[in-house]
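Note sheet for the following structure.
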Amino acid sequence: MSYPAQIQRLIDSLPTGLWIDGKQTDAIDGNRFDVIDPATGAAFTTVADANGKDAARALDSACGMQREWAATAPRRRSDILRAAFDAVIERADDFALLMTLEMGKALPESRSEVTYGAEFLRWFSEEAVRIQGRYTQSPSGTGRILVTKGPVGPCLAITPWNFPLAMGTRKIGPALAAGCTMIVKPAEDTPLTMLLLAKVFADAGLPPGVLSVLPAASAPPVTEPLLADPRLRKVTFTGSTRVGKILIEQSAHNLLRTSMELGGNAPFVVFDDADLDAAVDGAMAAKMRNGGQACTAANRLIVANAVREEFTAKLTDRIAAMSVGPGYQEGIAVGPLINQKQRNNVARLVDDAVTGGAKIRIGGAAIDGPGFYYQPTVLDEVVPGSSIVTEEIFGPVSAITGFDTEAEAIAAANDTEFGLAAYIYTQGLDRALRVADAIESGMVGINRGVVSDVAAPFGGVKQSGLGSEGGVEGIEEYLDTKYIGLTK
Ligand code: ADP
């Protein structure tokens with residue numbers, strides 16, 4: 001198919017090689033793979049396909065720069081991150097359009113992601129100059145304790161496709177601020193956003209070797225040799241719990257530092273004293289953002305039976321009004337899902353739920369034609385234990401169940417192996433804090449449907465992961481602590 005001139009111009013201008021040593025380069029074996037537009041199901045360009053030899057080149061380059069980057073003045077590292085922030089904002093339209101092209105989300109959502117994603121560069125440019133240590137006296141009075149923080153060393157970041165920019169900047173920002181070099185292996189569905197970011201960084205003055213990007217059609221040939229190389233010191237990952245566990249196992253050999261942002265199964269609890277209109281607004285954000293393809297997405301809407309019908313009717317009306325189509329077209333609210341596999345999975349979960357007794361209020365089927373579309377869907381009376389409430393949906397499907405008592409709501413919210421985000425709607429302060437305390441998750445939103453904030457620690461408990469990204473905690477993931485003991 002042919003694209004409008006603005007889109008074609010962007011495609012023609014994109015870096016599509018590997019990014020090593022501050023410039024584009026072909027893969028050593030010369031391989032390339034297709035990048036698919038999920039709105040059409042067709043390839044719109046190709047990108048270089050890295051393998052183990054390319055990984056070795058990138059690691060040589062990262063290790064060659066590690067000492068110098070760590071010794072670079074914090075103010076200088078900060079200035080480069082800040083310049084990259086400015087440059088991303090200046091090119092916001094290009095980044096937004098590119099993410100919509102390779103990932104499918106509606107353009108307004110891509111624009112929001114540019115703002116959110118760029119913010120990690122600004123935030124960590126500010127943190128780069130605030131790395132703290134301490135100097136204290138030992139309790140016995142016979143010694144002094146000096147504690148310093150230094151960069152962990154070369155890092156590998158493996159990122160997912162659902163937020164192609166922000167999941168990169170959330171790792172690159174703190175790594176570079178701390179003085180670490182980094183190799184990014186972006187998701188095979190969305191390799192281009194990270195390549196454009198690498199170019200923007202180079203233009204902003206980042207020395208060659210500090211940041212490399214290795215797109216690959218298959219991850220293990222690139223990641224396994226890197227994890228096996230004793231020069232690598234850390235892996236940071238956002239993606240499925242399944243792959244996170246593989247990476248932790250592979251990190252054991254060299255005892256790597258690990259940060260793992262894994263799957264979620266967020267409960268969205270609406271109590272009978274909630275402001276229902278606000279709760280519906282919140283549910284729209286928590287559920288429909290990114291077409292439901294977010295690890296913080298409200299996977300289970302757990303609604304007090306006293307207000308369930310009213311809430312469900314209002315939510316269904318709002319969802320019925322959403323237009324589905326190519327994310328780069330004007331007025332579209334919901335784009336395609338990322339690929340056929342993902343769409344099949346959403347269809348399976350909905351079909352299982354309906355077979356189990358759930359009622360379809362709207363939607364409930366894939367949309368025929370090119371592209372990977374699925375109808376925005378509301379299911380009520382979902383039976384507890386259905387796969388749609390035990391697995392991550394990652395699609396525009398709201399699964400509603402009811403409850404009568406607060407204890408039942410808490411038990412239902414915690415009835416999952418995951419513990420990333422949770423949402424509570426109530427007008428009672430005591431109840432809000434009591435329930436927030438009782439829910440086993442790394443993040444709780446009270447009367448808000450989006451919790452992500454650059455200044456807050458993003459992370460999960462249970463099978464949702466290890467470590468925090470963002471906030472003042474985010475940079476700690478890239479710092480080692482050293483204790484230097486002195487006599488009095
Ligand atoms: P999703 O199911 O959302 O696609 P994945 O966890 O499969 O999430 O993918 C997230 C990232 O992990 C992607 O960059 C992908 O290429 C990478 N990945 C997938 N499998 C492996 C693996 N075995 N080893 C290392 N990285 C992997």
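The values are calculated or read from the model by the stated rules, or taken from the named source; none is laboratory data. It should be emphasised that the depicted structure is a prediction, and the values quoted were computed from it without experimental measurement. Neighbour counts are summed over all protein chains in view; Cβ atoms, including those assigned to glycine, are modelled from backbone coordinates with ideal geometry. Just the protein is used for accessible areas: all its heavy atoms, side chains included, with ligands, DNA and RNA removed. Shrake-Rupley method; radii C 1.70, N 1.55, O 1.52, S 1.80 Å.
Is one or more of the residues making up the range 259-282 in a loop (DSSP other than H, G, I, E, B), of a type outside the set (A, V, I, L, M), in the same structural domain as R233 (by TED's automatic domain parsing) and open to solvent by 40 Å² or more (accessible area, probe 1.4 Å)? No. Being in contact with a helix residue (DSSP H, G or I) (Cβ under 7 Å, 6 or more places away or on another chain) and not in a helix (DSSP H, G or I) is a description that applies to V450.
Listed by position, the strands (runs of 3 or more DSSP E) contained in the range 105-183 that have at least 2 residues being within 16 Å of the ligand (Cβ to nearest atom) are 155-158.
Looking at this structure, is I36 of a type in the set (V, I, T), open to solvent by 20 Å² or more (accessible area, probe 1.4 Å) and either in the same structural domain as G325 (by TED's automatic domain parsing) or not in a strand (DSSP E or B) (or both)? The answer is no for I36. With respect to being outside the structural domain of R144 (by TED's automatic domain parsing), farther than 16 Å from N265 by Cβ, buried (at least 18 other Cβ atoms within 10 Å of the Cβ) and not hydroxyl-bearing (S, T, Y), F418 falls outside the description. Checked against the criterion of being of a type in the set (D, E) and outside any helix (DSSP H, G or I), the candidates E310, E330 yield just one match: E330. Scanning the range 10-18 for residues that are touching a residue at least 40 places away in the same chain (Cβ under 8 Å), assigned to a loop (DSSP other than H, G, I, E, B), farther than 30 Å from R231 by Cα and open to solvent by 10 Å² or more (accessible area, probe 1.4 Å) turns up at least one hit. Scanning the range 212-234 for residues that are more than 9 Å from the ligand (Cβ to nearest atom) and either open to solvent by less than 10 Å² (accessible area, probe 1.4 Å) or in a helix (DSSP H, G or I) (or both) yields S212, V213, L214, P215, P221, P225, L226, A228, L232, K234.
Across the range 39-59, the number of residues qualifying as outside any helix (DSSP H, G or I) and under 19 Å from T223 (Cβ atoms) comes to 5. Report yes if V435 is touching a Lys or Arg at 6+ places or on another chain (Cβ under 9 Å), open to solvent by less than 40 Å² (accessible area, probe 1.4 Å) and either modelled with pLDDT of 95 or more or of a type outside the set (G, A, S) (or both), otherwise no. It is false that V435 is touching a Lys or Arg at 6+ places or on another chain (Cβ under 9 Å), open to solvent by less than 40 Å² (accessible area, probe 1.4 Å) and either modelled with pLDDT of 95 or more or of a type outside the set (G, A, S) (or both). Filtering A198, A202 for residues that are closer than 28 Å to D12 by Cβ, open to solvent by 10 Å² or more (accessible area, probe 1.4 Å) and part of a helix (DSSP H, G or I) leaves a single hit, A202.
Can you tell me which residues in the range 235-253 are among the small types (G, A, S), more than 9 Å from the ligand (Cβ to nearest atom) and touching a strand residue (DSSP E or B) at 6+ places or on another chain (Cβ under 8 Å)? Selection gives S251 alone.
Scanning the range 336-362 for residues that are open to solvent by less than 30 Å² (accessible area, probe 1.4 Å) and touching a Pro at 6+ places or on another chain (Cβ under 7 Å) yields P336, L337, I338.
Within this structure, T426 fails the test of being surrounded by fewer than 18 Cβ atoms within 10 Å (Cβ to Cβ), in contact (Cβ under 8 Å) with a residue 60 or more places away in the chain and among the hydroxyl-bearing types (S, T, Y).
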